[in-house]
Amino acid sequence: MAGRRLLVAAAVVAAAAAAVAAAALEAINVTTVAFEEGYTPLFGFDNILRSADDRTVSLLLDRSTGSGFMSSSMYQHGFFSASIKLPSDYTAGVVVAFYTSNGDVIEKRHDELDFEFLGNIRGKPWRVQTNVYGNGSVSRGREERYLLPFDPTTEFHRYSILWTRAAIVFFVDDVPIREVRRTPAMTGDFPSKPMSIYATVWDASTWATSGGRYRVNYRYGPFVASFTDLALLGCRVGDPIGQMLSSAACAAAEDALLASDLAVMTLEKQQAMRRFREQNMVYSYCYDTLRYPAPFPECDVVESERRRFKGSGHLRLAFRRRRRTRPGSRPARPTRAADM
């Protein structure tokens, strides 16, 4: 009993330290745009609700359809951000996504950077998955999955993607949670072609929750995901051909982005990222030796991270129990990998 209390106390201290460290990070401050200034409806037009000031957009999923919007232009690198509030209650099978892609114009060699929010049954948390695909490399999925240290259904939280010629960084609020640095060995797997920005909500009953065991239950719908604080900071190009036409202007814009505070990975940011990953990451492709026996060139294997994961890349059961335990509560029941 004393040992368990020490573990719980240590977890509480670590969480408090992480919160203090996150608060110490400089807040991300970028110019936001109204929907009409940067985006256009994509599908499910009747399920897209815009606020009177055109700065908040709600996407609905009901029995008839999901919905989505996309940027009016494609971008060659940049910083893309939205504050999102997710649906609450029973959300199994529901997927909300905020991502960049050129799959609509380059089907077999497309690039993609994803935030995918995976719904769950009542009483279980939303999970967040990040993906990186370059040049159609979907067979070499670079997925990571996390639990969030807050309830994403009660208020808005900012999710951001920084994409430069040197690196990709995913942020939750002001905290970087994942960095993929470009290496020569990645070749075309590193996204390099212009992409549009998308936001969608859709029915993914076949895989999103426990491998398809739990499906969307429309008695709990409509499922509403709201987006605000929309930020599009990058070099606009009309299409992939426009990359060549605008190369000089885009190079100058990216040089400015690389020199900005957004792209500088300070020691404080590195430490905050390490803490977030230690406390919230439940799957990483870098540690999935069953699926990928040969390591990926960009994987920076951290020994303190590696020993927490099984060969499947999923968090070991002992660490899940420790993470889910709260002062004065019973240890959580064992959780299957599919539930995470």
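The values are calculated or read from the model by the stated rules, or taken from the named source; none is laboratory data. Predicted model only: the values in this text are computed from it and were never measured. Every residue, glycine among them, receives a Cβ derived from its backbone with ideal geometry; neighbour counts consider all protein chains shown. Calculation scope for accessible area: heavy atoms of the full protein, side chains included, ligands and nucleic acids excluded. Shrake-Rupley method; radii C 1.70, N 1.55, O 1.52, S 1.80 Å.
Things to note:
- Only a single criterion out of (1) outside any loop (DSSP other than H, G, I, E, B); (2) within 23 Å of G313 (Cβ to Cβ) is not satisfied by G136, namely (1).
- Residue-level analysis places Y285 among those that are crowded, with 16+ Cβ neighbours inside 10 Å, modelled with pLDDT of 85 or more and in a strand (DSSP E or B).
- Verdict on F156 being surrounded by 18 or more Cβ atoms within 10 Å (Cβ to Cβ) and either touching a residue at least 24 places away in the same chain (Cβ under 8 Å) or in contact with a Cys (Cβ under 8 Å, 6 or more places away or on another chain) (or both): no
- Annotation note: of A27, A21, A9, A17, the sole residue that is modelled with pLDDT under 90, loosely packed, with under 15 Cβ neighbours inside 10 Å, in contact with a helix residue (DSSP H, G or I) (Cβ under 9 Å, 6 or more places away or on another chain) and on the phi < 0 side of the Ramachandran plot is A17.
- Positions within the stretch 253-275 being open to solvent by 60 Å² or more (accessible area, probe 1.4 Å) and out of contact with any Pro (no Cβ under 9 Å at 6 or more places or on another chain), in sequence order: D255, A256, A259, D261, V264, L267, E268, Q271, R274, R275
- A Cβ distance below 6 Å, combined with a sequence gap of six or more or placement on separate chains, defines the contacts here; from the stretch 127-145, residues that are surrounded by fewer than 20 Cβ atoms within 10 Å (Cβ to Cβ) reach residues that are among the acidic types (D, E) in the pairs Q129/E116; Q129/E143; N131/D114; N131/E143.
- For the stretch 225-235, the criterion of a residue being over 19 Å from the mean Cα position of the chain (by Cα) and open to solvent by 60 Å² or more (accessible area, probe 1.4 Å) is satisfied by no position.
- Considering only residues in the stretch 173-214 that are of a type in the set (V, I, T) and part of a loop (DSSP other than H, G, I, E, B), the one that is nearest to K269 (Cα to Cα) turns out to be T183.
- When P293 is tested against (1) exposed (fewer than 15 other Cβ atoms within 10 Å of the Cβ); (2) at pLDDT below 90, exactly one condition is not met: (2).
- Pair list, Cβ < 7 Å and 6+ apart or interchain, from the stretch 247-266 residues that are closer than 23 Å to F171 by Cα to residues that are assigned to a helix (DSSP H, G or I) and open to solvent by less than 60 Å² (accessible area, probe 1.4 Å): A263/L257
- Test: F150 is open to solvent by 10 Å² or more (accessible area, probe 1.4 Å) and under 19 Å from the mean Cα position of the chain (by Cα): yes
- Wholly enclosed strands (runs of 3 or more DSSP E) of the stretch 18-114 bearing at least 2 residues touching a strand residue (DSSP E or B) at 6+ places or on another chain (Cβ under 9 Å) and touching a residue at least 24 places away in the same chain (Cβ under 8 Å): 39-43, 56-61, 67-71, 74-85, 94-101
- Taking the stretch 115-124 as the range and being open to solvent by 30 Å² or more (accessible area, probe 1.4 Å) and in contact (Cβ under 8 Å) with a residue 40 or more places away in the chain as the test, the residues that pass are I121, K124.
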